[in-house]
1. For region 4-55, what does the alpha-carbon gyration tensor say about shape, rounded, prolate or oblate, given a ≥ b ≥ c as the root eigenvalues, a/c under 1.5 as rounded, and a/b over b/c as prolate?
2. At q = 0.10, 0.16, 0.17, 0.19 Å⁻¹, what log₁₀ I(q)/I(0) does a Debye calculation on the Cα points of the chain give, no solvent, two decimals?
3. How many percent of the alpha carbon pairs in region 102-157 exceed a separation of 12 Å?
4. Leaving out same-chain residues fewer than 8 places away, which lysines sit with a Cα under 23 Å from that of Lys52?
5. Taking Cα pairs under 8 Å and at least six residues apart, what relative contact order does region 14-96 come out at, in percent?
6. Return the lysines within reach of Lys110: Cα separation strictly under 20 angstrom, same-chain partners fewer than 8 residues apart disregarded; answer none if there are no such residues.
7. Mind ordering 130-141, 94-105 by average Cβ neighbours within 10 Å, highest first?
8. So for the chain, averaging the separation of alpha carbon pairs under 8 Å that are six or more residues apart and normalising by length, what relative contact order in percent results?
Amino acid sequence: MKNSELLVRKIREGTVIDHIPAGRALAVLKILGITGREGYKVALVMNVESRKLGRKDIVKVEGRMLNPRETDIIALIAPTATINIVKDYVVVEKRRVELPEIVAGVLKCKNPTCISRKENEPIEPKFRVVSRSPVKLQCIYCGSMLSEEDILEQILEG
Ligand code: CTP
Ligand code: ZN
């Protein structure tokens, strides 16, 4: 039995996000918009041994099947993550996360004069993915760049 399984039991139905870089489980929950107030049973496993990553985090959400549109955004902060959809205790689907070409709505531009930050006429912030490893995003409106650290910082403060 694996160490992670000694900490948290298997789930019956839901989503297991595995192979998250160690220490990023909270950021994964934030990016998914899961606060704990929705009522789902949520388990966080942090800093357990992984053959592939050395150390990893795991997030388990019981009772909720997350679709690719919801989970692909995880690639911003955890590109190694694997998504496991569980039904009747069995993993019925396993997939990787993949950044879309354009990241819309999740992050805000760093440039205070960017049109996406105008107070009274909100425009959805949109970024083009210019690099995947390391992640680099560029605002489609003003060209400002967001680095991996910028992204992690925004998600954890938001
Ligand atoms: N899992 C769970 N509840 C289940 C089934 C699986 O919590 N009913 C968890 C496992 O503990 C593991 C992840 O989902 O963290 C993936 O399960 P599985 O595919 O069985 O594990 P591995 O084969 O080790 O996965 P991989 O090949 O992706 O490393
Ligand atoms: Zn901008």
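Values quoted throughout were computed directly from the atomic coordinates according to the rules given, and no laboratory measurement underlies them. Model, not experiment: these values are computed from the prediction. All Cβ positions, glycine included, derive from the backbone under ideal geometry; neighbour counts span all protein chains shown.
1. oblate
2. Here log10 of I(q) over I(0) equals -0.39, -0.90, -0.99, -1.17.
3. For region 102-157, the share of Cα pairs beyond 12 Å comes to 62 percent.
4. Leaving aside lysines fewer than 8 places away in the same chain, those within reach of Lys52 are Lys2, Lys10, Lys60, Lys94.
5. 41 percent
6. Straight-distance partners of Lys110: Lys30, Lys118, Lys126, Lys136.
7. 130-141, 94-105
8. Values: 309 pairs, mean separation 34.2, N = 158.
Reported relative contact order: 22 percent.
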